[in-house]
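A short write-up of the structure that comes next.
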Amino acid sequence: MECTLLIGAAGHSWRDWINQQSHRDLIVADLGNCDHGTPGRVSLWRAGKQIAWRFIGTLDVQRNPIAWLSAVGELAQQMQDGGIILCGDAGSNPVMRHLLLNLAMMVQPTEILAPEKTGLEFWPWPVGAKAVPVSAGFPDLVHEAQRRALWLKLIEECSEHEVLLKDICVIGSRLGSGTMLANPDTNDYSEISGDVLHLVTQSKLGDEEIARMLDHTHTARLSMVDPRTYHGLICSFAHESGDDFGMGIVKRFDESRGLMTILNTALPPAPVRILKLGTFRIDSGGKEVGSLAPWTV
């Protein structure tokens with residue numbers, strides 16, 4: 001593909017370089033980027049307008065590498081020749097090295113650029129990388145403030161939606177990955193996935209009660225989550241094709257009804273078929289309040 005792959009590094013910014021290339025398509029694969037819309041997703045821009053985007057649900061590529069690679073590859077197919085793919089901080093660990101090298105092998109760029117004095121040009125890229133001077137990046141506190149402003153803007157643009165889990169598919173979490181159980185005698189929500197019983201409850205269960213539940217459901221392990229864990233979790237609405245059409249946060253999870261109240265930028269009533277859940281939460285003030293381990297809730 002005729003495109004340029006930009007490799008990010010801490011303390012460096014491609015902002016000025018990209019501004020001089022505004023006539024070219026741009027894929028923002030840097031999940032923490034604040035110059036091109038809401039973070040936590042991969043987006044395709046053309047002539048200053050967003051053409052398409054894919055929800056990833058994290059600021060750290062390593063927390064959802066499958067969705068990230070898939071999103072960049074898919075949007076690269078929609079990018080016009082001569083476009084740019086902007087990646088985030090390459091870091092110094094073998095996981096990021098592996099991911100970025102695989103991305104480069106997948107898209108086969110004609111040009112790879114890295115900030116000078118980082119040594120990233122010496123990685124075994126599919127085409128020789130070139131080190132170039134770039135601008136200094138903003139401090140972390142500035143990036144956090146920029147993201148907070150974007151999260152507040154997102155919340156302001158949202159409408160309230162009610163989504164029944166029995167009517168949709170859920171991606172990105174343990175929730176929704178199993179077969180839903182009917183619990184007429186409790187206020188809990190539960191699913192079976194393989195030999196695991198996933199229980200969403202505010203109750204405190206003792207060992208004997210857990211043992212009875214596992215025996216009754218013929219499962220070997222229990223995954224138990226408080227429903228409030230989902231509150232504030234970033235999320236996306238998607239069609240059956242997987243195309244995202246609205247982003248927002250979980251406002252409330254009523255485990256007794258299997259119903260999520262979600263603030264989302266989609267206009268109600270939204271034809272949601274897939275709910276994609278991310279791995280971190282946003283509070284009402286736009287503050288990021290901690291990450292969750294992938295596929296645990």
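Please report, ordered by residue number, the strands (runs of 3 or more DSSP E) entirely within segment 143-201 with at least 2 residues that are open to solvent by 60 Å² or more (accessible area, probe 1.4 Å) and either more than 21 Å from PRO271 (Cα to Cα) or not aromatic (Phe, Trp, Tyr) (or both).
159-164, 169-171, 179-181
Here ARG281 does not qualify as open to solvent by 10 Å² or more (accessible area, probe 1.4 Å) and not in a strand (DSSP E or B).
Just to be sure before I move on: is ILE51 free of Cβ contacts under 8 Å to residues at least 12 places away in the same chain, surrounded by fewer than 18 Cβ atoms within 10 Å (Cβ to Cβ) and under 26 Å from VAL170 (Cα atoms) in the structure I sent?
Numbers: free of Cβ contacts under 8 Å to residues at least 12 places away in the same chain: no; surrounded by fewer than 18 Cβ atoms within 10 Å (Cβ to Cβ): yes; under 26 Å from VAL170 (Cα atoms): yes.
It is false that ILE51 is free of Cβ contacts under 8 Å to residues at least 12 places away in the same chain, surrounded by fewer than 18 Cβ atoms within 10 Å (Cβ to Cβ) and under 26 Å from VAL170 (Cα atoms).
ILE27 fulfils the conditions (1) open to solvent by 10 Å² or more (accessible area, probe 1.4 Å); (2) modelled with pLDDT of 95 or more; (3) within 17 Å of ASN102 (Cα to Cα) except for a single criterion, (1).
One line per residue, one yes/no per condition, for (1) touching a strand residue (DSSP E or B) at 6+ places or on another chain (Cβ under 6 Å); (2) modelled with pLDDT of 95 or more; (3) basic (Lys, Arg):
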| residue | (1), (2), (3) |
| --- | --- |
| LYS49 | no, yes, yes |
| ALA52 | yes, yes, no |
| VAL61 | no, yes, no |
| ALA71 | yes, yes, no |
| ALA76 | no, yes, no |
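Could you list, in sequence order, all residues of segment 204-238 that are open to solvent by 60 Å² or more (accessible area, probe 1.4 Å) and touching an Asp or Glu at 6+ places or on another chain (Cβ under 7 Å)? Correct list: ALA220, ARG221.
Apart from one condition, HIS98 fits all of (1) in contact with a strand residue (DSSP E or B) (Cβ under 8 Å, 6 or more places away or on another chain); (2) free of Cβ contacts under 8 Å to residues at least 24 places away in the same chain; (3) farther than 22 Å from GLY246 by Cα; the exception is (1). For segment 243-278, the tally of residues that are part of a strand (DSSP E or B), open to solvent by 50 Å² or more (accessible area, probe 1.4 Å) and either basic (Lys, Arg) or in contact (Cβ under 8 Å) with a residue 40 or more places away in the chain (or both) stands at 2.
Residue-wise test of (1) open to solvent by less than 30 Å² (accessible area, probe 1.4 Å); (2) free of Cβ contacts under 8 Å to residues at least 40 places away in the same chain; (3) closer than 21 Å to ALA136 by Cβ.
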| residue | (1), (2), (3) |
| --- | --- |
| SER43 | yes, yes, no |
| ILE56 | yes, no, no |
| ARG63 | no, no, no |
| GLU74 | no, yes, no |
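The values are calculated or read from the model by the stated rules, or taken from the named source; none is laboratory data. Note that the structure is a prediction, hence the values are computed from the model and not measured. All Cβ positions, even for glycine, are placed from backbone atoms using ideal geometry, and neighbour counts span all protein chains on display. Calculation scope for accessible area: heavy atoms of the full protein, side chains included, ligands and nucleic acids excluded. Shrake-Rupley method; radii C 1.70, N 1.55, O 1.52, S 1.80 Å.
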